[in-house]
Amino acid sequence: MDTLRRHALLIIILGSLVISLAMGLRHGFGLFLEPMSSDLGWGREVFAFALALQNLIWGLAQPFTGALADRFGAARVIVVGGLLYALGLVMMGMSDSALGMSLSAGLLIGLGLSGTTFSVILGAVGRTVAPEKRSLAMGIVSAAGSFGQFAMLPGTLGLLQWLGWSAALLVMGGLAALMVPLGGMLRDRPSQRQASDLSLGAALDEAANHRGFWLLCLGFFVCGFQVVFIGVHLPGYLFDNGIAVQVGSTVLALVGLFNIVGTYTAGWLGGHHSKPRLLTWLYLARGVVITLFLVAPLSTTSAYLFGIAMGLLWLSTVPLTNGIVASVFGVRHLSMLGGIVFLFHQLGSFMGVWLGGFFYDLNGDYDVVWKLAIVLSIVAAALHWFINEAPVDRSAPAQVEA
């Protein structure tokens, strides 16, 4: 028992370090929008499209990297993902065209993120930790990603101001390479096949015929739309309204700091209360916070308060959403099924970051996308209310459940 506990603790620690690096580096990408666009003579849509493509590639690749992690373990997937992530950052630092930006920041980093973030690592944690502690453990690892966002953002801004955007990205590529040895040490054990386990095809068929699975996917689309739009475009929105770029960096750092509290708390609450109901109230709270931010006079103080409030709600969806997948379908194919749900998150991310750039170049502001974010909060809240997290009954013929 002590050996199993030590192994679980090691998986949690290594997974937390990898996800801190992956999410921490990514969280600072919004700081590069204005300097890269200005220096290279791009409209903001070029940068926004590359980041949108990154989120789309990340999502499209996630079910496949998740399936590989379920089959062979997370270590190999993380090593390859870390290499692609580092290469993408180096090439992004050398980019001078829209095509180069799309290939580096979009394709390579998107593939790298699919192998080094939530679905792969939370799948390893879910397979290792006892069911009654699973939601809390996922909350701890998700909180580590939030800590990375908080801790690395000031360093990213410092590198940007000290070295300029190109050299800063090269240094960040070196940091991303640290995920390779960390991933190599994360020796999780794929679940032993049981006689009652479903095949990959049967698991996909079961999920496809479960109404709650699709409601969860659609709800996670909203999460992606909101957080990536805000993460990428908020610094520019503040700058356009006369607020210093350092304030935008601090706001994103506050998001990361308070998300540590939010994700840990969400993980703990998910072990004691209905996860779908928690998600309903979480999305409603997001809508309220965004509305208050827009109607209140914009100032440095209101921006900081927005960062704190959004931080509490930022990645709190992750342990709850993955916890529902594990509760309903089990852990045998958790990374793959979680990857499919995450694909919808990334489709939402693509739309949020791209529409932000599109409407800014079209209208000169972000008003339309802010309003969409509020409406989608209400939609997501309603969707999660009808999700049932009870395990599927495999003793009877498959039935469509909510």
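Bear in mind that the values in this text are calculations on the coordinates, not laboratory data. Keep in mind the model is a prediction, meaning the values are calculated, not measured. Cβ: placed from backbone, ideal geometry, glycine included. Neighbour counts: every protein chain shown.
Simple point charges give the picture: +1 on the Cβ of Lys and Arg, -1 on the Cβ of Asp and Glu, and for the chain a dipole about the Cα centre of about 1080 debye. If you average the alpha carbon positions of region 307-347 and of region 352-377, how far apart do those two centres end up, in angstrom? For region 307-347 versus region 352-377, the Cα centre distance is 24 Å. For Rg and Dmax of the Cα atoms in Å, which listed value, (i) 19.9, 63; (ii) 23.5, 76; (iii) 21.8, 68, comes from the coordinates shown? Identified label for the calculated read-out: (i). Each peptide in 364-371, 175-182 receives the mean, over its residues, of other Cβ atoms within 10 Å, and ordering these scores from highest gives 175-182, 364-371. Ordering 146, 184, 111 by Cα displacement along the dipole of region 94-210 toward the positive end leaves 184 in first place; charges were set at the Cβ atoms of Lys, Arg (+1) and Asp, Glu (-1). Enumerate the helices in the chain for which the Kyte-Doolittle hydropathy averages 1.0 or more and the C-alpha atoms extend at least 27 Å along the helix's axis, using complete DSSP H runs. Long hydrophobic helices here: 2-27, 74-93, 211-240, 245-270, 275-295, 334-363, 367-385.
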